[in-house]
1. I'd like to compare A:221-232, B:93-104, B:75-86: which one has the highest average count of other Cβ atoms within 10 Å, and what's the full order after that?
2. Report in % the part of the accessible area of region B:80-135 that belongs to carbon and sulfur, leaving out ligands and nucleic acids; probe 1.4 Å.
3. What does the average come to when, for each residue of peptide A:246-256, you count the partner chain Cβ atoms lying within 10 Å of its Cβ?
4. Give, rounded to the nearest 20 debye, the magnitude of the charge dipole that the protein assembly as shown has about its Cα centre when Lys and Arg contribute +1 at Cβ and Asp and Glu contribute -1 at Cβ.
5. Could you give the accessible area per residue of region B:2-134, probe 1.4 Å, as a whole number in Å²?
6. Would you mind pulling out the separation of the Cα centroids of region B:67-124 and region B:1-50, in Å?
7. GNM on chain B, C-alpha springs below 10 Å: top fluctuator among B:Asn69, B:Asn14, B:Asn52?
8. Under a point-charge model restricted to the Cβ atoms of Lys and Arg (+1) and Asp and Glu (-1), what is the dipole moment magnitude of region A:5-152 relative to its Cα centre, in debye to the nearest 20?
Amino acid sequence: MKGQKFPDILRKRKSEILEGWMKRQLSLAGKGTTPDELRKQCVEFLDLLENLMQNGGSLDPNDPKARPIIEFLKELSKDRVLKGFSPTETATFVFSLKEVVLPLLQPLAKNEETFTHEVMPLSILLDQLGLLTFENYIENREEVIARQQLDMAELSTPVVKIWDGILALPLIGTLDSQRTMIVMEKLLQKIVDTAATVAILDITGVPTVDTLVANHIMKTVAATRLLGAEVIITGVSPAIAQTIVHLGVDLSGIMTRATMAEGLKLAIRMTKQQTADERRDGINPLEKGIAAMQPAKGQKGPR
Amino acid sequence: MVTVSRSTRLSIANEIDLVRARQEVRVQAQALGFSLVDQTRITTAVSELIRNMMKYAGGGTMDLEAVRNGVRAGLRIICVDKGPGIPDIGLAMKEGYSTSNGLGYGLPGTKRLVDEFDIWSEVGKGTRVTISKWR
Ligand SMILES: Nc1ncnc2c1ncn2[C@@H]1O[C@H](COP(=O)(O)OP(=O)(O)OP(=O)(O)O)[C@@H](O)[C@H]1O
Ligand SMILES: [Mg+2]
């Protein structure tokens, strides 16, 4: 694309193009992009486009000259994904420019020579840029969705028996609403079923521990203790530990360890201690359980 | 004087919005060079405010602003809802006060996690909480 007239036209009539282009996008302004921001984006894009065309107009991603405009569109798409723009609203950025620019090229379109060498290549270039924006949008959107899915992952996480008398429950995602309740119930049921004495609750996969999550943890610990078992919380990063303290939530009565491995070590020690106690007392856990129930019966019965 | 260099508005209606908002806050805090602990503090504070908006007001909007005060960079977050409002802000700010059987640490905890905290509320109109954290 040599000796083109379009970069000239672009340079000379930039403010006119800018105004027309802005007008076509005003309906998008309410969506979190302010008119000022939009104007900045448009001006930057026109500069990049001018540069690109002066450098031959190739959109080859390996061409360093094409990189600025490609990067710019990537950023724009990402921004719009986050702001909740639809794919069409995002791609409109480039396509609406085409609507403004093509009429300006009318005189060139009448001549076959300039039509082939000027109008067509520009039209194709703008289409490519529009599609690129579209593609970036989809890519970003997929990334966002994937991250969200991971984060919101249905807590189908199984409660696993990792050692004799020890259960582990890795929690993942935002610990919200009912899902947490279901998981907690599962844990309590499994404690009863397996006669476990220690449960390790690993929260490495929980991105944010706020008061709601802390409350769930505290309730789980309380319920587990009612069943005669203990809970160890693992996967508390230093940053999360500090934040919990700042929030003011008191988890001091709860056993915590930084890693699952340390939690397991502690749990094994606890179960061994318990077995040793029982051996010393000379009764097996079942007898002990029955024994524990006797006084209750005795108290109720007639004296 | 505080100037806003970048502003993003997210509307909050459900848990997906909560996740998205927290991620966006974390990413921007990271980009501004906040330490990991501070990133966690800001994200947790935002989580509290958004959960309150969802629970008590059925949703609202969050403005996330990259701000500057001279050489200092910071993040400012404004959560606005058109919910029932808070009749007694002093009470709501007290540790352990909750009308929903929560821990009641959300608002007072949030205040401790950030550098600046401002709450406005009017019964029948809604609630607005503004927090800032500086680098
Ligand atoms: N956006 C809001 N609209 C109306 N009322 C609110 C709002 N935010 C907070 N409140 C009121 O203030 C009280 C205290 O809020 P706070 O976040 O400190 O505790 P909580 O939400 O009850 O429990 P948690 O510790 O889980 O956050 C709430 O119980 C509620 O009555
Ligand atoms: Mg709360």
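1. Values: A:221-232: 17.7, B:93-104: 14.4, B:75-86: 20.3.
Per-residue mean Cβ counts within 10 Å order the peptides as B:75-86, A:221-232, B:93-104.
2. Working: 1470 of 3010 Å².
C and S atoms contribute 49 percent here.
3. Values: counts 11, 13, 12, 4, 2, 0, 0, 0, 0, 0, 0.
Mean partner shielding for this stretch: 4.
4. Details: 56 positive and 52 negative charges, 218 e Å.
I would put it at about 1040 debye.
5. On the way: 5790 Å² over 133 residues.
Counting only protein heavy atoms, the per-residue value for region B:2-134 is 44 Å².
6. Value for the Cα centre distance between the two parts: 15 Å.
7. Comparing B:Asn69, B:Asn14, B:Asn52 in a Gaussian network model of chain B, the most mobile one is B:Asn69.
8. Working: 20 positive and 24 negative charges, 89 e Å.
Dipole size: approximately 420 debye.
The values are calculated or read from the model by the stated rules, or taken from the named source; none is laboratory data. Worth saying up front: this structure is predicted, and the values here are computed from it rather than measured. Heads up, the Cβs are rebuilt from the backbone with ideal geometry, glycines too, and the neighbour counts pull from every protein chain shown. Areas reflect the complete protein model, heavy atoms only, side chains present, ligands, DNA and RNA absent. Shrake-Rupley method; radii C 1.70, N 1.55, O 1.52, S 1.80 Å.
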